[in-house]
Each structure stands twice: as C-alpha cells, then as structure tokens.
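J.: Here it is, the structure in full.
The values are calculated or read from the model by the stated rules, or taken from the named source; none is laboratory data. Computed from a predicted structure; not experimentally measured. Ideal geometry is used to build each Cβ from the backbone, glycine not excepted, and the neighbour counts take in all protein chains shown.
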Amino acid sequence: MFQKGEYVIYGSTGVCRIVDVGVPDILKDTTDKQHYTLCPVYREETIYTPVDTAVFIRPVMDSSQAEKFIATIPHINGTIDMNLNSKTLREKYRSMIDSHSCDDLVILIKFIKAKIAKAQRDKRKPNEVDQDYLKKAQSLLYGELSIALDIPYDDVPERINMLLGSIE
C-alpha cells in the first residue's frame, strides 16, 4: 500500500502525488472502502481510486534508478514495423504506452522521431497519430524523470541530451 505524499505512476495519467489514503468525504455516503486521493502532477484534477484498484499503479523511480535508466537510453533498442497499417500501428503504440515500461517509451520516442524525420526529408507532413503518441510518450517519460531527479519538467530533455546526447 502506498503512503500519503508518495509519487506514483497511475495508469496512463502518469505521475500523481498521493494526497490522502482513506475514505474520501465525497464517497462517505456510498462506500467505506479505502481510496487513494491522487493529484496528477502535470494536470489540474483529483482522482479517487480504491487502494485495490485494477488500474496500473507503481512507485516513481528514485533518483538513483533514474540516473541508471538515463545511462541506458543510448543502448535501448527495439523495432516497430514501419509497414504496419495505421490501425495496427496505433494499437502497437497504445500497447507500448500501456506497458508502463520506460524502455518501451524510449523505443516509441526513438521510432516516432525517426519516422517524423523521414517524413520531413521526404517533404511530407508528419502523421497526426505519430505526433500524438510522441507527445504522450514524452509526457510520461519526462514526467517521471522530472520527479525522480527533482528537476523541472522542461529541463529533462536538455538533461538527457547534455549527459548522453540526443535520444532522437
């Protein structure tokens, strides 16, 4: 069970801070089940979820884990078939996001960046689906690294690039 004040990755929302554990006031009339009250770090909302939720939830990596992870980024390789039809490709992107794996997020970011660069070289407009999933993967990865390293979100890409070179 997570504790008040901890940061967690919650589903596809990304980094949330646990602001309370207990029965929320707004639910006291309908349940006595313990809930996490979550505040997403990069969005304005409050989420109430049972402590035994089926939604994916895990602790945010700590600073040591984040530094070790960053060191692995240049070596994270994976392929996605560029010849997949748009529906299958979208499903592949979604499954990689839903894996909640930082490695998968890096693979996705690298793949989509390369795909966008190729489209630009070919004088074509980048695909909107690619752009949406790139933003989502970056948001999830950079959000976690920002909290783990205790640095501003906007400094994460620069920090990664400064230490290791571009992940693009």
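J.: Could you please let me know if residue 147 is out of contact with any strand residue (DSSP E or B) (no Cβ under 7 Å at 6 or more places or on another chain) and surrounded by 14 or more Cβ atoms within 10 Å (Cβ to Cβ)?
T.: In short, no.
J.: Residues in segment 4-40 that are within 27 Å of residue 136 (Cα to Cα) and not charged (D, E, K, R): how many?
T.: 19
J.: Please verify whether residue 133 is in a helix (DSSP H, G or I) and closer than 19 Å to residue 72 by Cα, treating the condition exactly as stated.
T.: no
This table checks each residue for (1) at pLDDT 95 or above; (2) crowded, with 16+ Cβ neighbours inside 10 Å; (3) in contact with a Cys (Cβ under 7 Å, 6 or more places away or on another chain); (4) not hydroxyl-bearing (Ser, Thr, Tyr).
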| position | (1), (2), (3), (4) |
| --- | --- |
| 32 | no, no, no, yes |
| 37 | yes, yes, no, no |
| 41 | yes, yes, yes, yes |
| 44 | no, no, no, yes |
| 49 | yes, yes, no, no |
| 71 | no, no, no, yes |
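J.: Moving on to the next point. Please work out which one of (1) more than 25 Å from residue 155 (Cα to Cα); (2) surrounded by 15 or more Cβ atoms within 10 Å (Cβ to Cβ); (3) of a type in the set (A, V, I, L, M, F, W, C); (4) modelled with pLDDT of 90 or more is the condition residue 80 fails and give its number.
T.: In the conditions (1) more than 25 Å from residue 155 (Cα to Cα); (2) surrounded by 15 or more Cβ atoms within 10 Å (Cβ to Cβ); (3) of a type in the set (A, V, I, L, M, F, W, C); (4) modelled with pLDDT of 90 or more, residue 80 misses (4) alone.
J.: Could you grab the pairs with beta carbons closer than 7 Å, sequence gap of 6+ or different chains, first residue in segment 96-125 and on the phi > 0 side of the Ramachandran plot, second one crowded, with 21+ Cβ neighbours inside 10 Å and at pLDDT 95 or above?
T.: 100/9
J.: Is it the case, given these coordinates, that residue 54 is small (Gly, Ala, Ser) and within 24 Å of residue 17 (Cβ to Cβ)?
T.: yes
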